[in-house]
Amino acid sequence: MKRFFASALLMFLFTTPVLAQQQPFKGFTRQDLKDDFTYAVDLLKRQHPNPYKFTDTVTFNRKMDSLMKRFDNDPSLLSALRYAPIQLFNDVHLKLDYNEDQVADIFYAMNHFPLATTNFGNRLIVNARGAAIPFGAEILSINKIPSGKLLSEIGYATYSDGFIGTGVDRTGNNLSLFLSLVFPDATSYEVVYKDFGARNPVTVQLKAVDAKTGYHHRNLGQLPFNTFLKRAYVTKEYLDGESTAILTVLTFMLQENVMYKELSSFFEEVKKRNIGNVIIDIRSNGGGNPNMSALLYSFVALKPFDNVFNYRTKNIKMHDPENMLNGNGAKMTDEEQAQTENFLKQRFDYDSAAGFFYGNARLNEGSVANYPPDKNNFKGSVYVLISGGTVSAATYFAALVKNNKRGLLVGTETGSGEASTTAAWFSTYTLPKTKCRLTVPMSEIYFMKAKNDNGRGCIPDRELSFEAYQRYIRADKDPEIQYTLDLIRAGTR
């Protein structure tokens, strides 16, 4: 079976610096790509659980027309990829992946921006020591394009739920790769930067590098400083001198017995050491099972809490089955399609007045609605680190903490909605001409009896200033963790 890159990494193709008239793809043409973009939009209008949730048909069609005009007018065949219309649905769970066999050579042939970078909101930061620009310096512009505009130009790869703008947080050490793609023909970069504490900006010229060198440089990034805490799905650190413990949870896709064992051992140790503060780091948690989010919350809950999910969708029919794939990546059979539709029919009831299918009691099988605190529940102060990389079930955990007033959220807005997101089940399609894979969520999920979604994630209670962020990284400290430790020392709750 052919391998596919994760879509966040595949978006590096969207403005690639090769000769404008080259045919860069194996197996499909520019027109094939445009045809599949159009097909994907038509399919999503029928298959997505709520395609116009954050827009309307007039606005959507206008934006789609604009993207296709830009597609037609862009002289670079590779640059045309940046106009993929998936971004218009404002759904962080939508994914478009390209076949590695068709694009790998493009990646190796392109030029690359030579520095590791990271972002602080819409500001661009040098993320490596020993580079041509000092670590921690702010890049003000590249090739005369301001950094804020550059980051907005890669929005096709960083879309989130609704109106959330923190998706760049998910780019990690690939941010420099995305930046280089804004300049299709660049062999060098004019970079204007300002070092920490400097009065005036400095301008330098940097040469583009090849793929191997670019990859190496990107992986020299200093941030994140807590990579040790990311060596496993769940890691633990105990700072006895600070009366603080740090729990890093990278996923909620673990089985309940595994998750419970990890959490129980952590909180038992916290109790044994008489620790008064717990920091829970979910900045890079891409979600999973929301019941595992509830399980984690039960270890900090002070009283029973609602663990209620409401599901709804515009559609429970499998459209275009000839292009559907099963869980093994093979073409879905008629029997598998029927089984999928029967599964949904048994669990969703149609409300003609609302125009939605709503999940019934069968969807709550195995869930604990009135969830009790764990017997080893922690009663001290709780701090939760969040970012644009906090998605899906991880956002649900942050929402439990926030809505139950159980702790302080520190960082940036989560990458998926506080009230709801799309998830639960997914269907995968092979687009007919390019053989790209489109992954479509099958249902919306609303948390904690929410009925409306304003298109925003969990907003942090505390957010670092840019000056504080620069001070922390220059001191080789993880900004959010050190900031939280400072809050603890100051007695902030």
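The values are calculated or read from the model by the stated rules, or taken from the named source; none is laboratory data. Quick caveat, the model's predicted, so the values are computed rather than measured. With ideal geometry, Cβ positions are generated from the backbone for all residues, glycine too; neighbour counts draw on all protein chains shown.
Here are some notes:
- Selected residue (only one of GLU365, GLU413, GLU336, GLU341 is charged (D, E, K, R) and closer than 22 Å to LYS53 by Cβ): GLU413
- Answer from GLU336, GLU322 - the residue that is part of a helix (DSSP H, G or I), surrounded by 13 or more Cβ atoms within 10 Å (Cβ to Cβ) and not assigned by TED's automatic domain parsing to the domain that holds GLU256: GLU336
- Exclusive hit being farther than 30 Å from PRO460 by Cβ and aliphatic (A, V, I, L, M), set LEU400, LEU363, LEU409: LEU363
- Scanning region 153-164 finds one or more residues that are of a type in the set (A, V, I, L, M, F, W, C), crowded, with 20+ Cβ neighbours inside 10 Å and at pLDDT 90 or above.
- Number of positions in region 447-469 that are assigned to a helix (DSSP H, G or I) and in contact with a helix residue (DSSP H, G or I) (Cβ under 9 Å, 6 or more places away or on another chain): 2
- Region 199-213 residues that are exposed (fewer than 11 other Cβ atoms within 10 Å of the Cβ), paired with ones that are not in a helix (DSSP H, G or I) (beta carbon under 7 Å, 6 or more apart): THR203/GLU190; THR203/VAL192; GLN205/SER188; GLN205/GLU190
- Residue list for region 103-121, restricted to those being surrounded by fewer than 19 Cβ atoms within 10 Å (Cβ to Cβ) and either without any contact (Cβ under 8 Å) to a residue 40 or more places away in the chain or of a type in the set (Ser, Thr, Tyr) (or both): ALA104, TYR108
- Positions within region 390-445 being under 16 Å from LEU296 (Cβ atoms), surrounded by 21 or more Cβ atoms within 10 Å (Cβ to Cβ) and among the polar types (S, T, N, Q), in sequence order: THR390, SER392, THR395, THR414
- Beta carbons closer than 9 Å, at least 6 apart along the sequence or on distinct chains, pair a first residue in region 467-488 that is at positive phi with a second that is of a type outside the set (A, V, I, L, M, F, W, C) and not in a helix (DSSP H, G or I) for ASP476/GLN222.
- Any hit, region 251-260, residues being assigned to a strand (DSSP E or B), touching a residue at least 40 places away in the same chain (Cβ under 8 Å) and not assigned by TED's automatic domain parsing to the domain that holds ASN127: yes
- All of GLU418, GLU444, GLU341, GLU413 fail the test of being closer than 20 Å to LYS317 by Cα, charged (D, E, K, R) and not in a strand (DSSP E or B), apart from GLU341.
- Residue within region 358-375 that is surrounded by 12 or more Cβ atoms within 10 Å (Cβ to Cβ) and more than 30 Å from LYS303 (Cβ to Cβ) present: no
- Filter pass, VAL391 being in contact (Cβ under 8 Å) with a residue 40 or more places away in the chain, in contact with a Leu (Cβ under 8 Å, 6 or more places away or on another chain) and among the aliphatic types (A, V, I, L, M): no
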